[in-house]
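Enquirer: Pasting in a structure now, in structure tokens, and then I'll have a few things to ask.
The values are calculated or read from the model by the stated rules, or taken from the named source; none is laboratory data. Owing to the predicted nature of the structure, the values given are computational and were not obtained by experimental measurement. Just so you know, the surface numbers come from the protein's heavy atoms only, side chains and all, with ligands and any DNA or RNA stripped out. Shrake-Rupley method; radii C 1.70, N 1.55, O 1.52, S 1.80 Å.
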Amino acid sequence: MLPLSLSIDSYGYINYAADPFSPLTPVVRTAGYPLFVAASGVLWLDSLVPLVLVQMLMATSLPVLCFYALRPASRVAGIL
């Protein structure tokens, strides 16, 4: 497993998730991903592992969801 690394932008998302209404938090991004960060437990568990696991689960389930969404139209469309 690769080590987790944070970019400069990551701290902005985590800070925005911690206190979205702070006057010190610049509003330069939408609230969707910071809410996702907060809901994944990053703030309470002080760990990025749950966030990474949820993102991995979503990334691996997306092709399956696309297949089942397109399968009623055509099995070939679902596979492609």
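Enquirer: Given the rule -39500 (n - 2.57) for each run of at least 4 DSSP H residues, summed and divided by the residues of the chain, what is its mean residue ellipticity at 222 nm, to the nearest 500 deg cm²/dmol? Let's see the in-between values first.
Expert: On the way: 5 runs with 50 residues, N = 80.
Computed ellipticity for the chain at 222 nm equals -18500 deg cm²/dmol.
Enquirer: Related question: Normalising by the residue count of the chain, find the relative contact order in percent from Cα pairs under 8 Å and 6+ residues apart. Don't skip to the end; give the middle numbers.
Expert: Details: 42 pairs, mean separation 14.5, N = 80.
Reported relative contact order: 18 percent.
Enquirer: Follow-up. By how many degrees, 0 to 90 and rounded to 10, does the Cα axis of helix 8-18 deviate from the longest principal axis of the chain?
Expert: With rounding to tens, the tilt is 80 degrees.
Enquirer: Per residue, how much accessible area does the chain show when a 1.4 Å probe rolls over the protein heavy atoms, in square angstrom? Walk me through the intermediate numbers first.
Expert: Values: 6230 Å² over 80 residues.
Dividing the accessible area of the chain by its residue count gives 78 Å².
Enquirer: May I pose another question? Taking Cα atoms, how many degrees apart are the long axis of helix 49-70 and the longest axis of the chain, rounded to 10 and kept between 0 and 90?
Expert: 30
Enquirer: Next question. At a 1.4 Å probe, what is the % contribution of carbon and sulfur to the accessible area of the range 32-80?
Expert: Details: 2680 of 3620 Å².
Ligands and nucleic acids excluded, carbon and sulfur reach 74 percent.
Enquirer: Largest first, please: the extent of the C-alpha atoms of the chain along each principal axis, to the nearest Å.
Expert: 51, 30, 21
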